[in-house]
Amino acid sequence: MSTKPATDTRLKILDSAKVLIAGRGFSAVGLSEILSAAAVPKGSFYHWFRSKEQFGEALLEHHFDSYLVEVDASLFAAGQTAPQRLLAFFSQWHASQSGDHPQARCLVVKLSAEVCDLSEAMRVVLERGTARVIDRLASCLAEGIATGELAACPEPAEVAQQLYQQWLGATLLCRVQRRAVPLDKALAQTVRWLESQAVDSTHKLNQIQLQSPH
């Protein structure tokens, strides 16, 4: 017997919850509201999730699994240099996070402060997921150094972490200030940094069309 309909129900719950929670936070959204948005009966929730905390773990894991597909599409795109791929990744981040659409908001920014004090299990999922993103950034940087497209640096992993922290902070400030200026500045700084690091392909950065929500 196929389990696809049941699996689809689980995904409907997670996808519906992501939109609601990205807009209002984890604690502010009740289970009844999530199930109503997913158009599934109440009993479906406890069939898949033991508790709201375990559901939160699953939600964050689902978020990172989906997000990393997008990350890989940018950072490991065939036929592009490492500077191009890095800029494409951060341009997409800028485009998705500088707007006012709740469903596009970064769950890491939205939930970090809230759930890290609320649930150790959810904090671990956040830590593991962000480490996976940083690892991919480090791999792209290391590849660019190995191919001679980027200037050598002693610790690509450290540079990747600094870039990620800069962008995560800028995304948080966008929420605080209710304007895209912090992400505009992060993108401009990243472009300047990539141009300063590019060895033979600085001019190719201009071939990437930067996406802007404005």
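The figures follow:
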{"item": "Approximate shape of segment 16-64 as ellipsoid semi-axes (Cα gyration tensor, √5λ), whole Å, largest first", "result": "15, 13, 9"}
{"item": "Gyration tensor verdict on segment 35-87 (Cα atoms; rounded if a/c is under 1.5, prolate if a/b is larger than b/c, oblate otherwise)", "result": "prolate"}
{"item": "Rounded to the nearest 20 debye, dipole of the chain from Cβ charges on Lys, Arg, Asp, Glu", "result": "700 debye"}
{"item": "Rounded to whole Hz, the Karplus (6.51, -1.76, 1.60) HN-Hα couplings of segment 187-195, x for glycine and proline", "result": "5, 4, 5, 5, 4, 4, 5, 4, 5"}
{"item": "Residues of segment 18-118: accessible area per residue with a 1.4 Å probe, Å²", "result": "44 Å²"}
{"item": "Among PRO156, SER91, ILE134 the positive-end extreme of the charge dipole of the chain (Cβ point charges)", "result": "SER91"}
{"item": "CD proxy at 222 nm, helix term only [per DSSP H run n ≥ 4: -39500 (n - 2.57); per residue of the chain; nearest 500]", "result": "-24000 deg cm²/dmol"}
{"item": "Exposed-site-free run, longest, the chain (rule: trypsin sites (Lys or Arg not before Pro); DSSP loop; at most 15 other C-beta within 10 Å)", "result": "51-177"}
{"item": "Proximal aspartates and glutamates to LYS42, defined as alpha-carbon separation beneath 17 angstrom and excluding residues fewer than eight positions away on the same chain", "result": "ASP8, ASP15, GLU33, GLU53"}
{"item": "Three semi-axes of the equivalent ellipsoid, the chain, Cα gyration tensor, whole Å, largest first", "result": "35, 18, 16"}
{"item": "Under Karplus coefficients 6.51, -1.76 and 1.60, residue-wise ³J(HN,Hα) of segment 41-58 in Hz, glycine/proline x", "result": "x, 4, x, 5, 5, 6, 5, 9, 10, 6, 7, 5, 5, 5, 4, x, 4, 5"}
{"item": "Prolate/oblate/rounded label for segment 80-164 (Cα gyration tensor, a/c 1.5)", "result": "oblate"}
{"item": "Long-range amide H partners of LEU150 with built H, under 5 Å", "result": "ILE145, VAL199"}
{"item": "HN-Hα J in Hz across segment 121-128 - Karplus 6.51, -1.76, 1.60, θ = phi - 60°, x for Gly and Pro", "result": "4, 5, 4, 5, 5, 4, 4, 5"}
{"item": "Carbon/sulfur fraction of accessible area - the chain, other protein chains in place, 1.4 Å, %", "result": "53 percent"}
{"item": "Residue-level accessible surface for TYR46, protein heavy atoms, 1.4 Å, Å²", "result": "140 Å²"}
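The values are calculated or read from the model by the stated rules, or taken from the named source; none is laboratory data. Model, not experiment: these values are computed from the prediction. Cβ sites come from the backbone with ideal geometry, for glycine too, and all protein chains shown count toward neighbours. Heads up: the accessible areas ignore ligands, DNA and RNA and are worked out on the full protein's heavy atoms, side chains in. Shrake-Rupley method; radii C 1.70, N 1.55, O 1.52, S 1.80 Å.
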